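In what follows, a structure is listed as structure tokens, so that the remarks can point back to it.
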Amino acid sequence: MTTPHVILLDPIPADAEATKASISASLRFVSADEPILTAFDAGAGRGDGIFETLGVSDGRARGIDAHLARLEASAEKLDLPAPNLAQWRGGVEALLAALPPKGQASVRLVITRGTDEAGPPTCWLTGTPVSSDFPERTDGIRVVTLSRGYANDVGENAPWLLVGAKTLSYAINMAALREAKSRGADDVVFTSTDGFALEGPTSSLILRQGNTILTPAIQHGILAGTTQSDLFEFLQDDGFECVYRTIEVGELLRSDAAWLVSSVRLAAPITAVDGEAVPTDLELTARMNAALLA
Ligand code: PLP
């Protein structure tokens, strides 16, 4: 495993033309152990910022357009300056060129509110080689259902809770994962207080019921998953009917298969829910992961 790479990005306004030369001049590789934040950065002090994590296979990042679009949408939800997408794409490309040409990696894009409300935001990217060995993709994961403490309509009725934005405030998500571990499980399916299944702390939920593939509708206060979206495309082409709707918690036990899916781990089949074994579809899991890696 080689060392991670870090690029500091001096933001170009979204409405300014970003040329190859101006993008290149705005990116600066720094050593992975070089401090890049002051103690007063809102990202460090308040988790006030946004991020994206992209999966990389053999030098190619998956879903760059979808991740950049979500970065832009998250920035809008937090009233952060709009990112210049050509510049961020240039940053991703610079990292990909620095990463090993073979194997898997993750690329992370981060924007914080910086040290001053008036800006500029603090922006950086990291590229980190990761092990190609993800046993969860074949062995599966045991999940527990944990309440997120919100009703299903939180996205529409309380947008300031930012549930559909990919913010840096992941302390709750990490706490939920620790709770799962303490209950002898591997991961979490968050539930709404009115009885619906939502998403994992770092992943989207997909179910198969016969020939129908289901995922919770995103207006219900969950993150729009890029991996879920790619898989819907693949599964639709494969002959499945793909549907966004509310999913009752009980459906986790009644489905023919369920997965938590995300950009780096990809599709991990759920093998147990709250200690009760549930069916898996390992053949379809293998085809889904092969399609994502292709
Ligand atoms: N939902 C949450 C809360 C997440 O943090 C993530 C990814 O980190 C996802 C869903 C899956 O998104 P993606 O497939 O784009 O990685």
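The values are calculated or read from the model by the stated rules, or taken from the named source; none is laboratory data. Here the structure is a predicted model, which is why all the values come from computation and not from measurement. Neighbour counts are summed over all protein chains in view; Cβ atoms, including those assigned to glycine, are modelled from backbone coordinates with ideal geometry. Remember, those area values only see protein heavy atoms, side chains included, never the ligands or the DNA or RNA. Shrake-Rupley method; radii C 1.70, N 1.55, O 1.52, S 1.80 Å.
Ordered by residue, what ³J(HN,Hα) values in Hz, to whole numbers, does segment 76-90 give under the Karplus form 6.51 cos²θ - 1.76 cosθ + 1.60, where θ = phi - 60° and Gly and Pro are x?
Calculated HN-Hα couplings, in order: 5, 4, 9, 6, 8, x, 4, x, 7, 5, 5, 5, 5, 4, x Hz.
Have a look at Ile172, Leu162, Thr138 and report the one farthest towards the positive end of the charge dipole of segment 114-176, computed about the Cα centre with Cβ charges (Lys/Arg +1, Asp/Glu -1).
Thr138
Got a sec? Charge dipole of segment 16-87, +1 on Cβ for Lys and Arg, -1 for Asp and Glu; which of Phe29, Leu80, Gly49 is way out at the positive end?
Ranked along the dipole, the leading option is Phe29.
Scan around Val243 for amide H atoms under 5 Å from its own, H built in the peptide plane at 1.01 Å from N, and keep only partners 5 or more places away or cross-chain.
Those lying under 5 Å, H to H, from Val243 are Ile213, Leu214, Thr215.
Over segment 45-189, with every protein chain in place, what whole percent of the accessible area is carbon and sulfur at 1.4 Å, could you tell me?
Values: 3410 of 6540 Å².
Accessible surface attributable to carbon and sulfur in segment 45-189 totals 52 percent.
So what's the net charge close to Gly91: Lys and Arg +1, Asp and Glu -1, counting the other residues with Cβ under 15 Å from its Cβ?
Values: positive: Lys20, Arg28, Arg89, Arg108; negative: Asp10, Glu52, Asp65, Glu72, Glu93.
With Lys, Arg at +1 and Asp, Glu at -1, the neighbours total -1.
So for Lys181, Lys166, what's the accessible-area order with a 1.4 Å probe, most first? Walk me through the numbers before you get to the answer.
Numbers: Lys181 125, Lys166 20 Å².
The ranking, largest first, comes out as Lys181, Lys166.
Quick one: which residues, 5+ away or cross-chain, put their amide H under 5 Å from the amide H of Glu199? H built at 1.01 Å from N.
Phe190
Roughly how many debye, to the nearest 20, is the charge dipole of the chain about its Cα centre, given +1 on each Lys and Arg Cβ, -1 on each Asp and Glu Cβ, and no other charges?
On the way: 23 positive and 38 negative charges, 109 e Å.
With only Lys, Arg, Asp and Glu charged at Cβ, the dipole is about 520 debye.
What span do the alpha-carbon atoms of the chain cover on each of the three principal axes, reported in whole Å from largest to smallest?
Principal extents (largest minus smallest coordinate, Cα): 54, 42, 36 Å.
Say a site is exposed when it is one of the GluC sites (Glu not before Pro), sits in a DSSP loop, and has at most 15 other Cβ atoms within 10 Å; what is then the longest site-free stretch of the chain?
Details: sites that count: Glu17, Glu117.
The reported range is 118-294.
Quick one: what are the phi-derived ³J(HN,Hα) couplings along segment 247-253, Karplus 6.51/-1.76/1.60 with θ = phi - 60°, whole Hz, x for glycine and proline?
Result, ordered by residue: 10, 6, 4, x, 5, 4, 8 Hz.
At what distance in nm do the modelled label points of Asp10 and Ser182 sit from each other, each positioned 7 Å from its Cα along Cα→Cβ?
4.7 nm
Once phi is turned into θ = phi - 60°, what whole-Hz ³J(HN,Hα) does the Karplus curve with 6.51, -1.76 and 1.60 give for every residue of segment 255-260, x standing for Gly and Pro?
For segment 255-260, the Karplus-derived couplings read 8, 7, 6, 8, 9, 9 Hz, x marking Gly and Pro.
If you filter segment 39-115 for trypsin sites (Lys or Arg not before Pro), then keep DSSP loop positions with at most 14 other Cβ within 10 Å, what is left? Please report the intermediate quantities before stating the final value.
Numbers: sites: Arg46, Arg60, Arg62, Arg70, Lys77, Arg89, Lys102, Arg108, Arg113; in loops: Arg62, Lys102, Arg113.
Taking segment 39-115 and a limit of 14 other Cβ atoms within 10 Å, the loop trypsin sites (Lys or Arg not before Pro) found are Lys102.
Please give the residues of segment 219-237, grouped as numeric ranges, whose backbone N is less than 19 Å from a label point set 7 Å along the Cα-to-Cβ vector of Leu161.
Within reach of a label on Leu161, which here means backbone N under 19 Å from a point 7 Å along Cα→Cβ, segment 219-237 contributes 219-225.
In square angstrom, what is the accessible area per residue of the chain with a 1.4 angstrom probe? The partial results should precede the final answer.
Working: 13490 Å² over 294 residues.
For the chain, the per-residue accessible area is 46 Å².
What's the extension gain from Ser169 to Ala217 if we count 0.36 nm per residue and subtract their Cα-Cα distance? All intermediate terms of the calculation are to be shown ahead of the outcome.
On the way: separation 48, 0.36 × 48 = 17.28 nm, distance 2.25 nm.
My answer for the length gained is 15.0 nm.
Give me, ordered by chain and number, the residues 5 or more places off Thr145 or on other chains with an amide H under 5 Å from its own placed amide H.
Those qualifying (amide H under 5 Å, at least 5 residues apart or on another chain) are Val189, Asp274.
What is the sum of charges around Ala105, taking Lys and Arg as +1, Asp and Glu as -1, for the other residues whose C-beta is under 13 Å from the C-beta of Ala105? Working shown, then result.
Values: positive: Arg60, Arg62, Lys102, Arg108; negative: Asp58.
In short, +3.
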